[in-house]
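Written out below as structure tokens is the structure these notes cover.
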């Protein structure tokens, strides 16, 4: 067990049965009160940020997450099936853990998964992926000037994003999965 006085950013803790990553922690001392630790915690399942204060001597349960590499296979009902590259076991992942990352999944993509026991708490996609455009829609912006003009594209994974006017169906583009933005044509 760890005391609240030892909390530092980056730690993973269990609080009321939920797993949180410490985003920030500040020791606060007040003139006529007891000092405490003010923290911002990110829920690893819902990605929500909560603020929580702890007494300095309050015990905190630190959690050790393990990182494993998974390879996406296919969707199966409301879950998505992955292959654990290390053990070759099939691992089902709920859509709640994936959130909007599901729009960038295609067969063969490898992701980093954070496990607590056998429960997956987070998946991290590669920052850049090469994905084919299957459909483009009308231009937005001032099409006559050519600068800053974009159009909506639908990718083979189902993701939708803005691309330059010269991108057509069948083109393979590089996408930043963290910002959901077009990078370049491949």
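Overview of results
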quantity: Residue identified as surrounded by fewer than 15 Cβ atoms within 10 Å (Cβ to Cβ), in contact with a strand residue (DSSP E or B) (Cβ under 9 Å, 6 or more places away or on another chain) and at pLDDT below 90 among 148, 170, 141, 86; calculated: 141
quantity: Residue among 78, 106 that is exposed (fewer than 11 other Cβ atoms within 10 Å of the Cβ) and either under 19 Å from the mean Cα position of the chain (by Cα) or without any contact (Cβ under 8 Å) to a residue 12 or more places away in the chain (or both); calculated: 78
quantity: Residues of region 120-140 classified as out of contact with any helix residue (DSSP H, G or I) (no Cβ under 9 Å at 6 or more places or on another chain) and either farther than 17 Å from residue 182 by Cα or in a strand (DSSP E or B) (or both), total; calculated: 11
quantity: Failed criterion for residue 37 (all others in (1) more than 18 Å from the chain's Cα centre (by Cα); (2) part of a loop (DSSP other than H, G, I, E, B) hold); calculated: (2)
quantity: Of all residues making up region 82-97, the number that are out of contact with any helix residue (DSSP H, G or I) (no Cβ under 9 Å at 6 or more places or on another chain) and either touching a residue at least 40 places away in the same chain (Cβ under 8 Å) or not in a loop (DSSP other than H, G, I, E, B) (or both); calculated: 10
quantity: Complete set of residues in region 109-118 that are assigned to a loop (DSSP other than H, G, I, E, B) and either touching a residue at least 40 places away in the same chain (Cβ under 8 Å) or surrounded by 14 or more Cβ atoms within 10 Å (Cβ to Cβ) (or both); calculated: 109
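The values are calculated or read from the model by the stated rules, or taken from the named source; none is laboratory data. All of these numbers come straight from a predicted model, not from anything done at the bench. Counting neighbours? That spans all protein chains shown, and the Cβs are built from the backbone with ideal geometry, glycine included.
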